[in-house]
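Worksheet: one structure, shown below.
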Amino acid sequence: MNAWIVWPVVVPLAAATLSVLAGQRMARVIIGSATVAIVGALAGLTLQVWQNGPQRHVIGGWEPPLGIQLYADGLSVVMLWMSTVVGALIGVYALGYFAHDSGTTGTAATGEHGDNSELFWPLWLFLWAALHALFLSADIFNLYVTLELLGLAGVALVNLAGGQLALVAGMRYLLASLLGSLAYFLGVAFLYATCGVLDVRMLSTRVSAHPAVWLAIAVMTLGLLLKTALFPLHFWLPPAHANAPAPVSALLSALVVKASFYLLLRLWFQVFSVVLPPVAGQVLGILGVLAILWGSVLALRQQRLKLLVAYSTVAQIGYLFVLFPLAGGTAWGAAAWSGGTFHALAHACAKAAMFMAAGTMMAALGHDHLHELAGMGQRLPLSMFAFALAGVSLMGLPPSGGFVAKWLLLDAALASGQWWWGAVLIVGGLLAAGYVFLVLRQAFAPLPADVRYRPVPRVMELAALSLALLAFLLGLMAIPPLTLLQIGAPFVGGLGTEALP
Amino acid sequence: MNAAVLYTLMGVGLFSIGLHGFLAQPHLLRKVLALNIMGSGVFAVLMATAWRGPQLPPDPVPHALVLTGIVVAVSATAFALALLRRIHTATGRASLPEDTAA
Amino acid sequence: MQGHPAANIPLSEGQPGGCSVRRLLALFSWALVLVLAWAALSLPSHSPGLVDFVHAELEHSGVVNPVTAVLLNFRSYDTLLEVGVLLLAVFGVWALPRERVWGAPLGAPVAGPVLHTFVRLLAPLMIVVGGYLLWIGAYAPGGAFQGGAVLAAMGVLVWLSDLAPLPRFSRWDMRMALLLGFATFLAVAGGVMVGGGRLLEYPRLWAGSVILLIETALTVSIACILILLFLGGVGEKRRATEGVREREAKQ
């Protein structure tokens with residue numbers, strides 16, 4: 001069994017199918033075993049990539065360009081670990097969340113989703129499979145199918161919340177997602193018409209400065225930016241992420257937006273790199289800066305906790321795009337590449353922890369109004385601690401994962417003489433500190449006597465805390481993922497790690 | 001100028017018409033239909049690439065891609081329509097709030 | 001559909017934005033048409049394509065129809081995920097809040113003797129056509145989706161003319177039918193790896209039979225999925241574990 005690479009996709013799909021057929025108790029066993037199997041397969045794949053470099057799997061034995069190939073390099077493996085670890089802990093959290101929720105008739109704030117909450121599990125497994133399929137696929141049309149799978153699973157999960165706000169937010173999300181996919185699909189059609197292949201590797205040798213290729217790059221990039229919710233295409237994200245059930249908010253903010261970012265990274269640096277002028281990267285960088293500022297300022301102005309966290313996602317997505325003007329075949333280019341991708345990893349852990357902590361508070365209080373959070377620091381100390389730790393990573397303070405990511409980007413900005421990108425990173429960190437303290441100040445206010453409060457399952461608090469600790473300590477164990485990221489990376493030489501303090 | 005170019009032009013035309021409708025029409029049903037028109041445009045562009053000359057057999061790969069694309073479009077459309085009905089039941093409206101306010 | 005409030009969603013609802021917005025949008029759309037047309041006209045007149053690759057391997061694919069060979073063999077992974085998208089749409093519809101309004105049989109008032117007789121004649125024919133489309137897919141245009149679509153249309157027609165009740169998808173056997181195609185496809189995809197093969201690498205000698213097996217299972221499931229999508233999650237109790245909960249309650 002050398003083909004570890006296929007199981008992260010096949011196992012969740014099989015588990016989703018079986019869990020729909022099995023009873024409630026049996027479904028738990030199936031999902032648990034599937035998670036273990038995915039972790040095992042991923043460990044096997046990581047070892048293979050570590051020892052032998054990038055792995056390929058020719059599906060059906062049909063070599064590209066006729067068939068489809070799976071491809072795993074360091075970047076894919078790091079993304080797979082991100083989605084597996086964060087996804088599994090969100091699953092653990094969801095166990096508590098939906099058990100807590102179906103215990104009551106449902107409150108106004110959490111919606112009436114006791115009804116359909118069993119569907120969370122197959123949808124979550126499908127989402128997982130879609131993410132893994134996307135991270136492993138090396139075929140631009142197959143990637144389109146995985147994008148649609150991911151989008152539909154995401155919207156269906158948002159709708160689990162039931163209420164009016166969630167339905168409307170789900171529709172806005174669905175329309176944005178479909179529009180993004182169609183733009184990407186048009187690009188695929190133009191690329192096939194010009195180059196006659198769909199395999200990523202073969203495409204990279206065939207693209208040339210041709211009008212149809214330019215157009216394909218433009219529409220694919222726009223479609224993926226819309227899906228990644230980069231400013232100014234972020235309008236659909238805050239309502240969808242804020243009105244979904246808490247585990248779903250965590251999945252969407254931590255993982256789903258990273259998928260289209262990952263695809264953009266692949267296309268820009270491994271397919272289109274020969275035809276893209278440097279100014280294109282500068283444009284994406286500027287949009288990233290605007291996203292950091294706009295998202296942070298709006299986060300500071302929110303009245304609801306989950307909306308605040310959602311706008312923080314809009315801001316944090318901006319950092320990912322600072323990578324584009326800085327990365328390149330230079331010493332600092334490798335550091336920027338590592339920093340940007342490491343930021344995706346750190347943000348996934350931190351943001352999932354934040355949404356989970358926010359969801360716990362919402363489950364305890366029945367609402368998430370910021371100015372009525374007083375006393376949460378005493379009632380739910382673990383959750384508040386998790387929120388604060390995750391906040392440290394968002395601010396970029398040592399030793400968190402966010403610190404390492406920003407340090408690498410800062411290093412690249414200074415080394416390349418483009419100090420202004422670095423200045424934005426620091427301003428963004430200060431703004432993040434602003435909205436994190438806004439929440440902490442409210443939560444640590446003395447407990448009012450007349451507030452009704454429902455106890456929440458401890459497993460929810462522990463799951464959030466584990467992810468927050470992971471985000472906080474990621475900086476101390478940054479070397480293995482950063483080394484892994486170098487395997488098969490477009491910019492070799494200069495590990496990026498020697499820049500670390 | 002051959003038939004394939006004509007189909008490609010028709011495809012990009014449909015895509016643009018669809019996008020215009022998607023952006024201009026506030027009604028959700030029209031938005032869903034507009035997305036389908038855009039999708040048909042992409043299918044037409046893809047189908048045109050299958051043409052290789054008057055005497056030669058067409059390229060089957062774009063045909064297969066379009067068939068897959070159609071199934072994906074059917075799924076997304078059905079889901080969007082079901083969601084649209086729920087929104088109408090819950091809110092009494094069939095457009096997004098920001099469009100109605102505008 | 002008469003009398004149901006949600007059935008008559010007025011299409012005039014919501015006015016397009018102001019005059020200047022509309023002008024801007026029209027300008028944008030015309031610009032888009034020009035840019036896209038420019039790119040379209042610049043395309044090479046003879047697209048290189050993959051046709052030679054397909055025809056070189058066609059005899060090993062197990063089918064004669066090149067499109068089916070691509071869909072079910074060369075790019076079968078796309079098709080596997082595509083069936084996943086279909087299933088996901090059903091789960092997505094199930095995950096929506098329960099719709100209570102559309103309780104009554106949809107077409108009951110129009111059912112009359114002419115319709116009944118006609119549908120009674122048509123239904124067996126449609127089953128034959130569905131089966132034929134499935135079978136012919138190996139040689140000519142056709143296949144699981146086409147066959148499944150005809151079968152689904154038959155199901156909807158029979159139900160609309162009030163000849164038979166809807167199948168209850170909360171029942172275990174109906175749920176099996178719904179998932180059969182995807183499960184078979186997935187089992188074959190992974191099963192062929194046991195002997196050391198690659199994902200979806202059918203044994204060459206058996207490729208034709210394997211494809212027919214997958215397509216037959218897919219036809220059944222696609223028919224079920226399309227019926228469910230037509231209903232849009234209305235008309236029956238459809239909680240995911242309902243049947244199971246009932247069984248558990250009895251024990």
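The values are calculated or read from the model by the stated rules, or taken from the named source; none is laboratory data. The model shown is predicted, which means the values in this text are computed figures rather than measured ones. Cβ placement follows ideal geometry from the backbone for every residue including glycine, while neighbour counts extend to all protein chains displayed. Just the protein is used for accessible areas: all its heavy atoms, side chains included, with ligands, DNA and RNA removed. Shrake-Rupley method; radii C 1.70, N 1.55, O 1.52, S 1.80 Å.
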Could you tell me which residue of the range C:31-55 is least open to solvent (accessible area, probe 1.4 Å), considering only residues that are touching a Ser or Thr at 6+ places or on another chain (Cβ under 6 Å) and part of a helix (DSSP H, G or I)?
C:40
Can you pull out the residues in the range A:28-68 that are closer than 29 Å to residue C:60 by Cβ and basic (Lys, Arg)?
A:56
Among the residues of the range A:440-481, the number that are surrounded by fewer than 21 Cβ atoms within 10 Å (Cβ to Cβ), closer than 18 Å to residue A:388 by Cα and small (Gly, Ala, Ser) is 2
Among the helices (runs of 4 or more DSSP H) lying completely within the range A:328-419, list those that include at least 2 residues that are within 20 Å of the chain's Cα centre (by Cα) and either touching a residue at least 40 places away in the same chain (Cβ under 8 Å) or within 30 Å of residue A:449 (Cβ to Cβ) (or both).
A:331-365, A:381-395, A:401-415
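Let's see how each residue does on (1) out of contact with any helix residue (DSSP H, G or I) (no Cβ under 9 Å at 6 or more places or on another chain); (2) in a helix (DSSP H, G or I); (3) closer than 20 Å to residue A:355 by Cα:
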| site | (1), (2), (3) |
| --- | --- |
| A:226 | no, yes, no |
| A:276 | no, no, no |
| A:296 | no, yes, yes |
| A:311 | no, yes, yes |
Please specify each residue of the range B:1-46 satisfying the condition of being facing chain C (nearest Cβ under 7 Å) and in contact with a Pro (Cβ under 7 Å, 6 or more places away or on another chain).
B:24, B:25, B:26
Residue count for the range C:15-30, restricted to those that are within 9 Å of chain B (Cβ to nearest Cβ) and outside any loop (DSSP other than H, G, I, E, B):
7
The conditions are (1) in a loop (DSSP other than H, G, I, E, B); (2) at pLDDT below 90, and residue C:199 fails exactly one of them. Which is it?
(2)
Tell me, please, whether a residue that is among the aliphatic types (A, V, I, L, M), more than 24 Å from residue B:2 (Cβ to Cβ) and open to solvent by 10 Å² or more (accessible area, probe 1.4 Å) can be found in the range B:80-94.
yes
Where a residue in the range A:51-62 is of a type in the set (Val, Ile, Thr) and its partner, wherever it lies, is assigned to a loop (DSSP other than H, G, I, E, B) and open to solvent by 10 Å² or more (accessible area, probe 1.4 Å), with Cβ under 7 Å and at least six apart:
A:58/C:198; A:59/C:198
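Do the conditions hold for residue C:63, that is, is it assigned to a loop (DSSP other than H, G, I, E, B), under 29 Å from residue C:222 (Cα atoms) and of a type in the set (A, V, I, L, M, F, W, C)?
For residue C:63, the condition - assigned to a loop (DSSP other than H, G, I, E, B), under 29 Å from residue C:222 (Cα atoms) and of a type in the set (A, V, I, L, M, F, W, C) - is met.
Can you say whether residue A:77 is within 28 Å of residue A:247 (Cβ to Cβ), crowded, with 21+ Cβ neighbours inside 10 Å and within 9 Å of another protein chain (Cβ to nearest Cβ), as far as the supplied structure shows? Steps first, please.
Working: within 28 Å of residue A:247 (Cβ to Cβ): yes; crowded, with 21+ Cβ neighbours inside 10 Å: yes; within 9 Å of another protein chain (Cβ to nearest Cβ): no.
So residue A:77 does not fit the description; no.
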Quick check, is residue A:451 among the β-branched types (Val, Ile, Thr) and part of a helix (DSSP H, G or I)?
no
Checking the structure you have, find out if any residue of the range C:102-119 is over 17 Å from the mean Cα position of the chain (by Cα), surrounded by fewer than 18 Cβ atoms within 10 Å (Cβ to Cβ), aliphatic (A, V, I, L, M) and modelled with pLDDT of 90 or more.
no
Within the range C:56-84, can you find the residues that are charged (D, E, K, R) and open to solvent by 10 Å² or more (accessible area, probe 1.4 Å)?
C:57, C:59, C:82
Exactly one condition in (1) at pLDDT below 95; (2) part of a helix (DSSP H, G or I) is not met by residue B:54; state its number.
(2)
Subset of the range C:168-196 (residues that are crowded, with 17+ Cβ neighbours inside 10 Å, assigned to a loop (DSSP other than H, G, I, E, B) and not hydroxyl-bearing (Ser, Thr, Tyr)):
C:169, C:192, C:193
Filter the range B:65-79 for residues that are at the interface with another protein chain (Cβ under 7 Å from one of its Cβ atoms) and either open to solvent by 10 Å² or more (accessible area, probe 1.4 Å) or of a type in the set (A, V, I, L, M) (or both); the one that is farthest from residue C:81 (Cα to Cα) is B:78
